[in-house]
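Notes to accompany the following structure.
The values are calculated or read from the model by the stated rules, or taken from the named source; none is laboratory data. These numbers were taken from a predicted model, which means no experiment stands behind them. Here Cβ is always computed from backbone atoms with ideal geometry, including for glycine, and neighbour counts include all displayed protein chains. Accessible surface is based on the protein model in full, side chains and every heavy atom, while ligands, DNA and RNA are left aside. Shrake-Rupley method; radii C 1.70, N 1.55, O 1.52, S 1.80 Å.
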There are 2 protein chains.
Amino acid sequence: MKNQRTLFDTIGEKLRLERIATEIRDMSMDNISKTKSGHPGGSLSVTDILTCLYFGRIYNSRQGRLENVLNYDPCDPLWEGRDRVIMSKGHAAPALYATLARAGFFDCQVLKIYKKIDSPLEGHPAMFQLLEDGKERGTRGVDFSTGSLGHGLSLAAGMALHAKVYGYDYDVYTLLGDGELQEGMPWEALMTVPNKGLTRTCAFVDYNHLQVDGSVDDINQLEPLEKKLKAFNWEVKVIDGHDFYEILDLLAYFKLKRTTRKKPLMIIANTLKGKGVQEIEGDFRYHAVPLTLEQLEKASKAFHHRMEEIDREMSRYSPSTVPVKEIEKTSPPLAQDDLREIISRNPPGEYKVPTATRIGYGNCLARLGEYKRLFVFNADLEGACGASAFCKKFPERGANPEDCRSINVGCQECNMMAMAAGMASCGKIPVVNTFGIFSTGRAWEMVRQDISYPRMNVKIIGSHTGIALGEYGVSHQSIEDVGVMRSLPNIVVIEPSDAVQADKLFEKVLLYDGPVYYRIGRNPTDLIYVKNNIFGVEPVLDFEIGKGILLREGDDWTIIASGSVLCQALKVAQMARESIQVIDMPTIEPVDEALIIKAAMKTKRIATVQDHYKNGGLNDAVLRAIAKHRLQVEFHSIALSGFAESGSPGDLYEKYGLSASRIMEQLGLTRKT
Amino acid sequence: MKNQRTLFDTIGEKLRLERIATEIRDMSMDNISKTKSGHPGGSLSVTDILTCLYFGRIYNSRQGRLENVLNYDPCDPLWEGRDRVIMSKGHAAPALYATLARAGFFDCQVLKIYKKIDSPLEGHPAMFQLLEDGKERGTRGVDFSTGSLGHGLSLAAGMALHAKVYGYDYDVYTLLGDGELQEGMPWEALMTVPNKGLTRTCAFVDYNHLQVDGSVDDINQLEPLEKKLKAFNWEVKVIDGHDFYEILDLLAYFKLKRTTRKKPLMIIANTLKGKGVQEIEGDFRYHAVPLTLEQLEKASKAFHHRMEEIDREMSRYSPSTVPVKEIEKTSPPLAQDDLREIISRNPPGEYKVPTATRIGYGNCLARLGEYKRLFVFNADLEGACGASAFCKKFPERGANPEDCRSINVGCQECNMMAMAAGMASCGKIPVVNTFGIFSTGRAWEMVRQDISYPRMNVKIIGSHTGIALGEYGVSHQSIEDVGVMRSLPNIVVIEPSDAVQADKLFEKVLLYDGPVYYRIGRNPTDLIYVKNNIFGVEPVLDFEIGKGILLREGDDWTIIASGSVLCQALKVAQMARESIQVIDMPTIEPVDEALIIKAAMKTKRIATVQDHYKNGGLNDAVLRAIAKHRLQVEFHSIALSGFAESGSPGDLYEKYGLSASRIMEQLGLTRKT
């Protein structure tokens, strides 16, 4: 690293960076104190690292010129070839905002409305997005939303994987807090990044040794941190996080070797919490307590005094004459393939015998696999979820990188979900496979923070759902997944009712631009959408998101269901003396209100049936529609009243009230004689 | 370790253990194949370790006698002084069940109904519990329910912490799979157990190198595993997991040094998946695929052949004459303090100015702190959640261990939640503090698997909830927490509406025997339950779980609310020309149906107001009650339609429709002139 160092090592360059860092500290302290809310300590400790990333230059000896550390264009914040920076310790937002303003992403005046209503500057970083209506959302220059600790490195891994598979030439930098390394989630990413060869990843630990409640070393120490990270197969360097030379040396080392390196680079940056504001330096209480206006004034004076000193010193040095490389905004050509065309060329196959919806879904994934934006994530349940056919065609490792459109991260649902979000932020369509209890439960907060909130176009598969799963038992029977997904804004919740629909409807899921939860089942169920089905109903040929299907007309009752219990509802209609109409409602959120109204007007009696706990499911969606339109109808909900147990699906449906005969009994229906 | 080894090392003892292990393998393969469901590979790989734990004996040279490795009494499975075993890789249930049956916890005939309906043997282990009605639940000998990977070591940590604080003399053993170490959650526990000095913890990694989709080393390798675990401050030993000598040597080493050791012990046991059934040894496809009946017959023949051989060989050895120590069923005396008496001695203080509900809650925790069963968990938000007063009185470290009734694990919500569950399984009352987004979101699956399903008596605090949080922004504004907790069976959901109630009602939460989610807020709100409150309502003096409070009578409308928006509802009643009655509904699940019916009959118009997303909250609970009782009323829901943003609480309530004036506008009410 001698070269860069000796050349970089000009007082002038150091002074230039220190000047900028001081401005950033001054601006961020000002925001926090005037808003009376924010995190000064951790913003000050990470400032010098941010300064080196956004304003540092390193020497490329081969090309005899200086390069900016980061490739970015403040006028084009969404340029897809840009280097990414993830502020995993999102509470350091003030430092990030001041840095981005100073770098020209937006006017410094905007900083004054930090955390105010209608401001683009959220309390914690909100990624920049262009909405369909042309409106902007979030903060220019923020590559992904953060705030909840531990997500950052997984988001970065998803972006790095995207670059590797789709041939982009960008690097991904992550800024980690020390406290957040107590979380388990970063260790999933720390394991995966080197194991999957995502060597274009560089991460900093802002090791200021203090967290909200006190000293990291007292509360739950990370030591020996260097050993831990090395044992997780990272190249690890330990530096003074306030020494511009040391930071830039390592960034030069990473950047100039980035295409040939064998391991990702982790930089443990020893820092001082509150660095630059003497009276709060090393005081954990200023993690989230703003400086008083008096403290602020004092600090600001000191900052400005130092800036004047620097200006005087700098005037003595002639600026570097080495040319600085212009950014070259190249990106690989986008795949021109058209999903609609691929769909038309690859119709679903025929279904003849009872089949699980996971198989129907898997068939769709495989037949549309050639669509290049499609990428499949697995967490050790590839076969179980039905994704194997796709993954055989488009394996994780292969001669042709752009055909390697699947990855199996092992038992890491949280990391997988955030990685998928990171890739989706690059414009691809990740499909995430695992059991419903894990995709909606274990990873609920990742779905919330990384997919639902920024509305990432991720398709979330939940397999083995409901008590229809049978023998695996309560720990695996997901009976809350619809509820916890409906509890989130922006997510479409779909439960196909047979394999034919699971196959055909997934086309629409892929065409739809937004997050979808797709609830499927493990065990074979009777086919509904085939000619001569055992229920004697006319099969529909096409399905739409948000549209229910009236499968059977009737006058006395309307039964609405989705998933494997729909077969039971259809049997009820066949067995009962009463005239019953049956509605298939595969889209549970948003539910088909028009069809519900029509049905309610006609039969005045509505029952919902769900293989799901009584709270949060299809029943609540239907009931809400009824109440919204002030319909005077009799409403019955047939659902689970608690956890079930292990047993055969048939035995469980009988014992827990979801079999046709038990449904009839609960609705007081009478058998045909 | 020479001593134990040389003495133990009698062929007879080894043969005895091999005989038992063979029986266990024979029984577990039989269950799996006849049930046509289960996990043979991982059951066979862990069998020899289980055998040594439950049937091994080690030599205590000081006392000149043999000791059983585990202290347990099959006739008294809930004896609180017993050593605990957590099968973290819950899919190995068949091996555990066969072991427990062989150890006398239940009749071997019970194994035949494995996974059948009404069987005590769930697909994945269900902990043994005695219900209030005297009925039994789960499997005798199972110390905690498992099945979802990664929870085990945290559950064990909670039990070990319980022993340390409350003076019990038991050890806790955890059986980990290798695949599950890809999860982040175990690394939280791996960090915490040594850092918190929980040295009575011994864990095995059943390192068979295979997971569901293939080789652990290919999918997401753990290597260098020994280095990783050492860097996490464990004492690590690597052994052949099928060598009885090696396993017992280490168990002897752990057991005889257990009171003096400095670090917990991690045993990496290299094992062979499918060990003992030649045809499937080392074949990952048999992770969850039962042997065919033909394969079973062949395997069973081999097992029985080996058992006969062993019996012949054993007959040649005279059994060991060294006495075996009887188990001494001692436990420390239970604290005799009575919570009701403590409550009567420590009434709440007076409240005079607007106060946050987190403060009211914290005051209650502090004034009842002397109750010895009470234990407080924090995750780096001790002060933020209001728990500091308690934690100052009962700190993590101190001269008197039994006064050390709090712990701060740092940023580890998942580990904290499972640790609390582990401690609750020992009869204590853990209170878990963090922000609502983390307690109900990040740790949702831990709440589900470890608290809701086994109905553990854990009090889950969710602070900083709703958009009333203000400036922190979307990542921290929990607007789904009520929905995701209501989606779970067995959990009472409570949101106190002012600081007075937050303080007084928490008494009832502690008296209630079961899981509770307690939703509190960060910012001060007006006091309601004080004399001369600004709303002119008569303050109630006592509160009951499940009971709403009619604060104001009215004829035209009923507004039902809980939490900080109740103040807005009360203002509406003061401002509006219409006659409005206002109900405080602090218990959202189960909701006070009787009061709702009464109100509905009277006003025929009901509105709910919630600082929560429109799905899953109080509105759904009220609507459900209305539908259930077929009440013909006009229902209005005032709630959030999506994520908000950063801003002051007042600005946010105004913009997002929760301020008094916006509520009036949405309900079409008119102002008094």
Extend 7 Å from the Cα of residue A:389 along its Cα-to-C-beta direction; within segment A:317-346, residues with backbone N under 13 Å of that point are A:346
Interface call, segment A:429-446: threshold 50 Å², probe 1.4 Å, accessible heavy-atom surface of protein chains, chain by itself vs complex, result A:442, A:444, A:445
For chain A, the per residue accessible area (1.4 Å probe, Å²) is 33
Ordering B:362-374, B:125-137, A:428-440, B:326-338 by per-residue average of other C-beta atoms within 10 angstrom, highest first, gives A:428-440, B:362-374, B:125-137, B:326-338
Note: B:404-411 gets an average of partner chain Cβ contacts (10 Å, Cβ to Cβ) equal to 6
Long-range share for segment A:412-506, i.e. C-alpha pairs more than 15 Å apart as a percent of all pairs, stands at 59
at residue B:655 the sorted inter-copy label distances (label 7 Å from Cα on Cβ side), in nanometres, are 5.2
Relative to the compact-globule estimate 2.2 N^0.38 Å (N residues), the Cα gyration radius of segment B:535-673 stands at a ratio of 0.99
Between the alpha carbon centres of segment A:50-88 and segment A:457-487 the gap in Å comes to 43
Answer in debye to the nearest 20: the dipole magnitude of segment B:490-549 about its Cα centre, from +1 Lys/Arg and -1 Asp/Glu charges placed on Cβ, is 120
Expected response for nearest chain B Cβ to the B-A rotation axis, distance in whole Å, is B:184, 1
Inter-copy distances for residue B:116, label 7 Å out on the Cα-Cβ vector, sorted ascending, nm, one decimal, are 7.2
Ordered by number, the trypsin sites (Lys or Arg not before Pro) in segment A:549-653 that occupy a DSSP loop and have at most 13 other Cβ atoms within 10 Å are A:577, A:630
Largest first and rounded to whole Å, the semi-axes √(5λ) derived from the alpha carbon gyration tensor of segment B:574-654 read 24, 16, 11
Volume per residue (Å³) of the convex hull spanned by the alpha carbons of segment A:114-164 is 90
Rounded to 0.05, the calculated FRET efficiency for the beta carbons of residue B:328 and residue A:259 at R₀ = 56 Å is 0.25
Averaged over residues of A:622-633, the number of beta carbons from other chains lying within 10 Å of each residue's Cβ is 3
Segment B:1-95: relative contact order from alpha carbon pairs under 8 Å, six or more residues apart, as a whole percent, is 33
Computed for A with B: buried accessible area summed over both chains, 1.4 Å probe, rounded to 100 Å², at 8600
Each residue of A:344-356 has, on average, a number of other protein chain C-beta atoms within 10 Å of its C-beta equal to 0
Output for segment A:522-608: GluC sites (Glu not before Pro) sitting in coil per DSSP, at most 16 other Cβ within 10 Å, listed by number, reads A:544, A:553
Debye calc, one equal point scatterer per Cα of the protein assembly as shown, no solvent, log10 I(q)/I(0) at q = 0.07, 0.09 1/Å comes to -0.73, -1.24
With N residues in segment A:199-239, Rg(alpha-carbon) / (2.2 N^0.38 Å) equals 1.31
At 25 °C in a medium of viscosity 0.890 mPa s, segment B:290-413 has a Stokes-Einstein diffusion coefficient, with Rh taken as the Kirkwood radius over alpha carbon pairs, in µm² per second, of 120
Projected onto their principal axes, the Cα atoms of segment A:377-467 stretch, largest extent first, over whole-Å spans of 36, 33, 17
One checks the Cα atoms of segment A:81-224 and finds Rg and Dmax, in Å, of 16.2, 50
Of all C-alpha pairs within segment A:441-486, those more than 18 angstrom apart amount in percent to 34
Under the 7 Å Cα-to-Cβ spin-label approximation, residue B:237 and residue A:556 lie apart by a distance in nanometres of 7.2
Convex hull around the C-alpha positions of chain B: the volume in Å³ per residue is 161
Taking protein heavy atoms only, a 1.4 Å probe, and rounding to whole percent, the accessible area of chain B owed to carbon and sulfur comes out at 52
Sorted shortest first, the nm distances from the residue B:324 label point (7 Å along Cα→Cβ) to its counterparts in the other copies are 7.9
Magnitude of the Cβ-charge dipole (Lys and Arg +1, Asp and Glu -1) of segment A:20-95 about the Cα centre, nearest 20 debye, reported as 180
Placing +1 on each Lys and Arg Cβ and -1 on each Asp and Glu Cβ in segment A:483-548, then taking the dipole about the Cα centre, the residue among A:489, A:537, A:511 whose Cα reaches farthest towards the positive end is A:489
For segment A:176-191 the residues that are at least 50 Å² less accessible with all protein chains than alone, 1.4 Å probe, are A:182, A:183, A:191
Long-range amide H partners of residue B:583, meaning residues 5 or more apart or on another chain whose placed amide H is closer than 5 Å, are B:551, B:559, B:560, B:561
